[in-house]
Structures are given as structure tokens and as C-alpha cells.
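Heads up, the thing below is written out as C-alpha cells.
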Amino acid sequence: MKVQSKQCLDIILPGSPVFEYLEGLIIRPADTYLTLAEMTEKEEKDKINKEIGNRSTRLGATKANVTLEVRHEVLSASPVSVTFSVGLTVPSLMSHIA
């Protein structure tokens, strides 16, 4: 469900084949980028917590090492920085953040 929601939001962003037809009828792209980033951050947080719980039961694992390893894995594959960098090119986002 979350993947479908994110795919639907991608359709209403600049660069999609239908954006020019929807522009002005849908929410601002800046708001969509923020929503996508928030959804992704929540998914990543949930995944980190789940993986830490799974891996902390391994023999010889310390919570600090497991936490560091899992965060590195999840955040290095994260599209959030890309979403924010693309979103920052949308002028209305800058006024929304400030």
C-alpha cells in the first residue's frame, strides 16, 4: 500500500508524463515532495527498528554496533536526500520551509 501511495504521488510531480495536464489542479509539487520524504523517513525508521530488534539477538552482537550497522545500511540506500534535493529546486518549497 505504501509503495502504491508513493507511486501515485510520483505521478503528480514535475517530470511525469501527465504533470503538465494536472498542473494547477493538484497540490503544489513542494508539498508532494515533503509528503514523499516524510513517508520514506517513517518507513526507514520502522525498518531500522525492526532490523535492530532482529539482529540484536545474534550471538556477540552489541546494541551499539548493530544500531550503527543497520542505520548505515538503510540510510545509505535512502532516496530521501534525492527527494529533498529535487524538492529544493521547486521555488515554492523554499518559502514553505522558511
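A short reminder: the numbers here are calculations on the coordinates, not readings from a lab. In this text the structure is predicted, and so the values were computed from the model without any measurement. FYI the Cβ positions are ideal-geometry reconstructions off the backbone, even for glycines, and counts take in every protein chain you see.
Okay, here's what the table says:
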| read-out | value |
| --- | --- |
| Backbone HN-Hα couplings from phi across segment 60-72 [Karplus 6.51/-1.76/1.60, Hz, Gly and Pro as x] | x, 7, 9, 4, 5, 5, 5, 4, 4, 4, 5, 4, 4 |
| Residues LEU9, LEU36 arranged by fewest to most Cβ contacts within 10 Å | LEU9, LEU36 |
| In Hz, Karplus ³J(HN,Hα) per residue of segment 10-25 (6.51, -1.76, 1.60; θ = phi - 60°; x = Gly, Pro) | 4, 5, 9, 9, x, x, 7, x, 9, 4, 4, 7, 8, 4, x, 9 |
| Lys, Arg +1 and Asp, Glu -1 on Cβ, resulting dipole of segment 9-55 about Cα centre, debye, nearest 20 | 260 debye |
| Cα pair distances exceeding 15 angstrom across segment 1-60, given as percent | 60 percent |
| Residue order, fewest to most surrounding Cβ atoms within 10 angstrom, among LEU68, LEU25, LEU13, LEU59 | LEU59, LEU25, LEU68, LEU13 |
